[in-house]
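The values are calculated or read from the model by the stated rules, or taken from the named source; none is laboratory data. Just so we're clear, the structure is a prediction, and the values are computed from it rather than from any experiment. Cβ: placed from backbone, ideal geometry, glycine included. Neighbour counts: every protein chain shown.
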Amino acid sequence: MSVWGRIFAGIYDHVMAKTEQAGLGAHRQALLAEATGDVLEIGAGTGTNLPYYGEGVRTLTLTEPEKPMVRRLQKRILERRPDAKLLRAPAEDLPFDDASFDTAVSTLVLCTVDDQPRALRELRRVLKPGGRLLFIEHVRSEDPKLARWQDRLLGFNVRVGHGCHCNRPTLDGIRDAGFDVTQLEQDTLKHTPPFIRPLIVGVAEVAAQSPEVAVGQVVYSSTIS
């Protein structure tokens, strides 16, 4: 793990505090109220979503690949959701059987995964028929001028944002992976640089007739005790 990775985990909550207060927290609260049944959250980070899961959640499973984030997440789980299960695993190789979950959650994660199409295929694989993906993601701008700036500043943002690709057309990726987007809201991330502000918040369901997807081999996973 890089030195910056440890620093990033340590400052993440502080850096995002104003953004959460200026609307992102409200988006989390409204969206995660729709999480029901057996729920999987990928890239759970420091556990920001934990307070927003309601009584409709039967079981909660969290995955997070970064060790520094896992340490902080463990503490949040003990404080907020001691019944939750935590595994260290990447979104591209989820260590779960097909059709294991009713709801999947991804908030500010699909910009950072190494292989977004594979991560989305994995999410669809582990969701039950009719299962739903709840997402909050910052994405490529629909404004051509701003999109060009996102491309120009990509290298800088990947380094400073610890792998964040601000110019990904994530909504297209969700649809291409075999999801039907049933709810969608567009907004901006307040108190952030303009090139990472475009935001989408929504719900997508596993399409009735999704293309066959080869299941990827789990390359790393371990239960956190």
### Task
Considering every residue within the range 64-80, establish whether at least one is touching a strand residue (DSSP E or B) at 6+ places or on another chain (Cβ under 9 Å), over 20 Å from Val201 (Cα atoms), loosely packed, with under 15 Cβ neighbours inside 10 Å and not polar (S, T, N, Q).
yes
### Selection within the range 139-154 - assigned to a loop (DSSP other than H, G, I, E, B), buried (at least 16 other Cβ atoms within 10 Å of the Cβ) and not polar (S, T, N, Q)
Val139, Arg140, Leu153
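Does Ser221 meet the test of being at pLDDT below 95, surrounded by 12 or more Cβ atoms within 10 Å (Cβ to Cβ), among the hydroxyl-bearing types (Ser, Thr, Tyr) and in contact with a Leu (Cβ under 8 Å, 6 or more places away or on another chain)?
yes
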### Query
Which of (1) farther than 14 Å from Leu108 by Cα; (2) at pLDDT below 95; (3) surrounded by 16 or more Cβ atoms within 10 Å (Cβ to Cβ) is the odd one out, the single condition His162 does not satisfy?
(1)
#### Entry: Residue under evaluation Thr36, criteria (1) within 23 Å of Val181 (Cβ to Cβ); (2) surrounded by 18 or more Cβ atoms within 10 Å (Cβ to Cβ); (3) hydroxyl-bearing (Ser, Thr, Tyr), criterion not met
(2)
#### Entry: Top-ranked residue of the range 17-68 - restricted to ones that are of a type in the set (Gly, Ala, Ser) and in a loop (DSSP other than H, G, I, E, B), ranked as farthest from the chain's Cα centre (by Cα)
Gly56
### Message
So, Thr48, is that one under 27 Å from Pro117 (Cα atoms) and either in contact with a strand residue (DSSP E or B) (Cβ under 6 Å, 6 or more places away or on another chain) or modelled with pLDDT under 95 (or both) or not?
### Response
no
### Task
Could you please let me know if Ala91 is in a loop (DSSP other than H, G, I, E, B), in contact with a Gly (Cβ under 8 Å, 6 or more places away or on another chain) and surrounded by 17 or more Cβ atoms within 10 Å (Cβ to Cβ)?
yes
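Which residue is nearest to Thr48 (Cα to Cα), if the candidates are limited to the range 98-115 and must be over 11 Å from the mean Cα position of the chain (by Cα) and outside any loop (DSSP other than H, G, I, E, B)?
The residue in question is Thr103.
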